[in-house]
Amino acid sequence: MSTLGNKLKQFRLGKEMTLQQVAKAAGCTAAYVSQVENDKTSPSIASLKKIAAVLGVRIVDFFLEESSDDPVVLKPEQWVRVSLPGWKADIKQMVRMVKHRQMQPFYTVIKPGGGSREHYDHQGEEFGLVLQGELTLTVGTETYTVKAGSSFYYSSTLPHAWTNESDQPCTVVWVVNPPSW
């Protein structure tokens with residue numbers, strides 16, 4: 001199984017780009033990109049999103065294994081894990097493939113203190129339902145506390161971030177449209 005770092009390097013070499021070219025376009029250092037490629041650091045979602053954009057891929061592409069299998073029904077153990085330890089969140093894509101799809105659903109369990117680590121934005125919209133716990137969601141300049149049983153919906157073009165500031169895990173079903181994560 002490939003690591004995020006291995007996948008990043010494969011995409012970079014496939015685009016015939018140097019560490020320096022990727023770093024400059026993503027607004028970080030070549031040393032940082034090298035650390036990510038060598039699995040020495042866990043990038044934030046915002047940093048990974050910038051690197052993915054430079055390489056012309058989505059975040060989820062760093063985690064997917066090649067497969068033509070796209071079943072209608074997936075059991076939880078078949079969901080695709082798309083998270084890193086530094087995020088303190090277990091994020092699983094609830095469908096195998098998102099190419100040519102309109103939605104990208106996730107099942108996310110955020111540990112206390114976990115979250116996106118910084119604001120990020122992208123094309124589209126997001127919807128979520130908090131199943132358990134409490135999510136602190138910042139959209140633009142507003143911060144919301146979303147408790148179990150409540151939902152949220154916002155434009156992803158606004159800078160947004162999410163954290164679990166409580167002492168209990170927070171579980172969220174999250175849907176991104178179009179698939180851009």
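Search segment 32-48 for residues that are over 11 Å from residue 8 (Cβ atoms) and pair each with any residue that is small (Gly, Ala, Ser) and part of a loop (DSSP other than H, G, I, E, B) when their beta-carbon atoms are under 6 Å apart and the residues are at least 6 apart or on different chains.
45/116
When residues of segment 100-145 are filtered for being surrounded by fewer than 20 Cβ atoms within 10 Å (Cβ to Cβ) and free of Cβ contacts under 8 Å to residues at least 24 places away in the same chain, how many remain?
Looking only at that region, the number is 7.
Got a number for residues in segment 129-172 being assigned to a strand (DSSP E or B) and over 18 Å from the mean Cα position of the chain (by Cα)?
Of the residues in segment 129-172, 10 are assigned to a strand (DSSP E or B) and over 18 Å from the mean Cα position of the chain (by Cα).
Name the residue, out of 125, 134, that is more than 26 Å from residue 50 (Cβ to Cβ) and of a type outside the set (A, V, I, L, M).
Details: 125 fails: more than 26 Å from residue 50 (Cβ to Cβ).
Of the residues listed, the single one that is more than 26 Å from residue 50 (Cβ to Cβ) and of a type outside the set (A, V, I, L, M) is 134.
If residue 83 passes every condition in (1) closer than 23 Å to residue 166 by Cβ; (2) assigned to a strand (DSSP E or B) but one, which one does it miss?
Only one criterion in (1) closer than 23 Å to residue 166 by Cβ; (2) assigned to a strand (DSSP E or B) is unmet by residue 83, namely (2).
Is it the case that some residue within segment 12-23 is in a loop (DSSP other than H, G, I, E, B) and modelled with pLDDT under 90?
No; the residues of segment 12-23 include none that is in a loop (DSSP other than H, G, I, E, B) and modelled with pLDDT under 90.
Conditions first: (1) assigned by TED's automatic domain parsing to the domain that holds residue 119; (2) without any contact (Cβ under 8 Å) to a residue 40 or more places away in the chain. Residue 85 passes all but one, so which condition is the exception?
(2) is the only condition that residue 85 fails.
Within segment 79-97, track down each residue that is in contact with a Lys or Arg (Cβ under 9 Å, 6 or more places away or on another chain) and under 18 Å from residue 2 (Cβ atoms).
79, 80, 81, 82, 83, 91, 92, 93, listed by residue number.
The values are calculated or read from the model by the stated rules, or taken from the named source; none is laboratory data. Bear in mind the structure is a predicted one, so any value in this text is a computation, not a measurement. Positions of Cβ are generated from backbone atoms using ideal geometry, with glycine treated the same way; all protein chains shown enter the neighbour counts.
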